[in-house]
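In what follows, a single structure is set out as structure tokens and then discussed.
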Amino acid sequence: MNYLAHLFRLSEQDLKKEVYRELKKMRKKPYWHRDFIYAKGTVPILLVAHMDTVFENPPREVYYKKSEDKIFSFTNGLGADDRCGVYALLEISKKYNPSVLFTQGEEIGLIGAQSAVDTLAKPKVKYIIEFDRMGSNDMVFYDCGNTPFMNYIKQFGFEKQYGTYSDISILGPIWDIASVNLSCGYYREHSKSEYVIFHELEHNIERVEKMIQDYEQVPYFDHREVFPLKEAYPLPGMNNPFSLYLDQIYGITKDATAKGNVYQKKKEIK
């Protein structure tokens, strides 16, 4: 719990340095990119979290209420969305060796995820798990409609819910890998009253560790779109199937004149 509180207090750039150092300590070979850190593993599962938050500065103070196993702050917001995910990936990586991807720019248009698919070869993994969902028991698949994969994740006690978007909304469709976003114990995200129930985060780390232990028993799960946006509504300059959704629903559009694939935020994301 103390290490999670430490992660809350770091700026985004300091967190990126911390992640890189920790992966090196684990004798992994992290690749530092301007928009992400990636480390290839030997377990054919990819874990994802994002290092940015909606807050300009990290919290000055972090508090713990033992009776509720609750972490919170009175100053700024915790940034638990998605420092909880970063913590989960690092903790799991101490015991196992999945591939891990830590992105930046998720909150302003999935910039790190887009850079990852533009830069990295498709990882040889069976599925993708992101730790970037509020609550304790949610599994969110966005536009991934692979029923056998959904049923597999459900076996570990998660319940299907619906969300707007996260990094896997780009990673899954472009790489053609089934993906899911799982709860990691935070609540009231994007607000100063954000808090974390620590045992819920720990419980979901344990559940994902059981999935990792089970990896030899499952097949590769491909991405099966619930509704193929790209094919239905192709847009010039938009090279991923989630671009239309970002543009029409959340007011984010790709700047076709910028170098690389960069999203610009047109209005506040709710």
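Any chance you could count how many residues in the stretch 192-223 are surrounded by fewer than 16 Cβ atoms within 10 Å (Cβ to Cβ) and aliphatic (A, V, I, L, M)?
Residues that pass the stated criteria total 1.
Within the group LEU78, LEU90, LEU101, which residue is in a loop (DSSP other than H, G, I, E, B) and touching a residue at least 60 places away in the same chain (Cβ under 8 Å)? So that I can check it myself, show each step before the final result.
Details: LEU90 fails: in a loop (DSSP other than H, G, I, E, B); LEU101 fails: in a loop (DSSP other than H, G, I, E, B).
When all the criteria are applied, what remains is LEU78.
Residues that are of a type in the set (Lys, Arg): which strands (runs of 3 or more DSSP E) entirely in the stretch 135-208 hold 1 or more of them? Outline the logic, then answer.
Details: elements: 138-140, 159-161, 179-183, 195-197.
Answer list for the stretch 135-208: 159-161.
Can you tell me which of LEU101, LEU90 is modelled with pLDDT of 95 or more and within 12 Å of HIS50 (Cβ to Cβ)? Let's see the steps before the verdict.
Numbers: LEU90 fails: within 12 Å of HIS50 (Cβ to Cβ).
On inspection, the qualifying residue turns out to be LEU101.
Checking SER67 against (1) of a type outside the set (A, V, I, L, M, F, W, C); (2) part of a helix (DSSP H, G or I); (3) over 18 Å from TYR195 (Cβ atoms), which single condition isn't satisfied?
(3)
Which members of the stretch 1-32 meet the condition of being aliphatic (A, V, I, L, M) and not in a helix (DSSP H, G or I)? Walk me through it before giving the result.
Looking only at the stretch 1-32, we keep the residues that are aliphatic (A, V, I, L, M), and these are 1, 4-5, 7, 10, 15, 19, 23, 26.
Answer for the stretch 1-32, where residues must be aliphatic (A, V, I, L, M) and not in a helix (DSSP H, G or I): MET1, LEU10, MET26.
Filter the stretch 163-191 down to the residues that are more than 15 Å from GLY109 (Cβ to Cβ), of a type in the set (D, E, K, R) and in contact (Cβ under 8 Å) with a residue 60 or more places away in the chain and list them by number.
Of everything in the stretch 163-191, just one residue is more than 15 Å from GLY109 (Cβ to Cβ), of a type in the set (D, E, K, R) and in contact (Cβ under 8 Å) with a residue 60 or more places away in the chain, namely GLU189.
Identify all residues within the stretch 201-225 that are without any contact (Cβ under 8 Å) to a residue 60 or more places away in the chain and within 23 Å of MET134 (Cα to Cα); write none if there are none.
GLU202, GLU206, ARG207, LYS210 - these are the residues of the stretch 201-225 that are without any contact (Cβ under 8 Å) to a residue 60 or more places away in the chain and within 23 Å of MET134 (Cα to Cα).
Name the residues in the stretch 136-154 that are small (Gly, Ala, Ser) and surrounded by 18 or more Cβ atoms within 10 Å (Cβ to Cβ), would you? Let's see the steps before the verdict.
Initial filter on the stretch 136-154 (small (Gly, Ala, Ser)): 136, 145.
Scanning the stretch 136-154 gives a single hit, SER136.
Could you say which residue among ARG21, ARG27, ARG34, ARG9 is assigned by TED's automatic domain parsing to the domain that holds VAL100 and in contact with a Pro (Cβ under 8 Å, 6 or more places away or on another chain)? Spell out the reasoning first.
On the way: ARG21 fails: in contact with a Pro (Cβ under 8 Å, 6 or more places away or on another chain); ARG27 fails: in contact with a Pro (Cβ under 8 Å, 6 or more places away or on another chain); ARG34 fails: in contact with a Pro (Cβ under 8 Å, 6 or more places away or on another chain).
Only one candidate qualifies: ARG9.
Quick one: would you say PHE55 is surrounded by fewer than 16 Cβ atoms within 10 Å (Cβ to Cβ), in a loop (DSSP other than H, G, I, E, B), assigned by TED's automatic domain parsing to the domain that holds LYS28 and hydrophobic (A, V, I, L, M, F, W, C)?
Working: surrounded by fewer than 16 Cβ atoms within 10 Å (Cβ to Cβ): no; in a loop (DSSP other than H, G, I, E, B): yes; assigned by TED's automatic domain parsing to the domain that holds LYS28: yes; hydrophobic (A, V, I, L, M, F, W, C): yes.
The answer is no for PHE55.
Which of (1) part of a helix (DSSP H, G or I); (2) at pLDDT 95 or above; (3) more than 19 Å from GLY41 (Cβ to Cβ) is the odd one out, the single condition LYS230 does not satisfy?
Failing condition for LYS230: (2).
Might you let me know whether the stretch 104-124 holds any residue that is touching a Pro at 6+ places or on another chain (Cβ under 7 Å), in contact (Cβ under 8 Å) with a residue 12 or more places away in the chain, within 25 Å of GLU209 (Cβ to Cβ) and surrounded by fewer than 21 Cβ atoms within 10 Å (Cβ to Cβ)? I'd like the intermediate steps shown before the answer.
Pass one, the stretch 104-124, residues touching a Pro at 6+ places or on another chain (Cβ under 7 Å): 124.
Imposing the further condition that a residue be in contact (Cβ under 8 Å) with a residue 12 or more places away in the chain reduces the set to 124.
Narrowing the set further to residues that are within 25 Å of GLU209 (Cβ to Cβ) leaves 124.
Among the residues that remain, those that are also surrounded by fewer than 21 Cβ atoms within 10 Å (Cβ to Cβ) are: 124.
Yes, that holds for at least one residue.
The values are calculated or read from the model by the stated rules, or taken from the named source; none is laboratory data. Bear in mind that the values here come from a model prediction, so they are computed numbers and not experimental data. Note: ideal-geometry Cβ built from the backbone for every residue, glycine included; neighbour counts use all protein chains shown.
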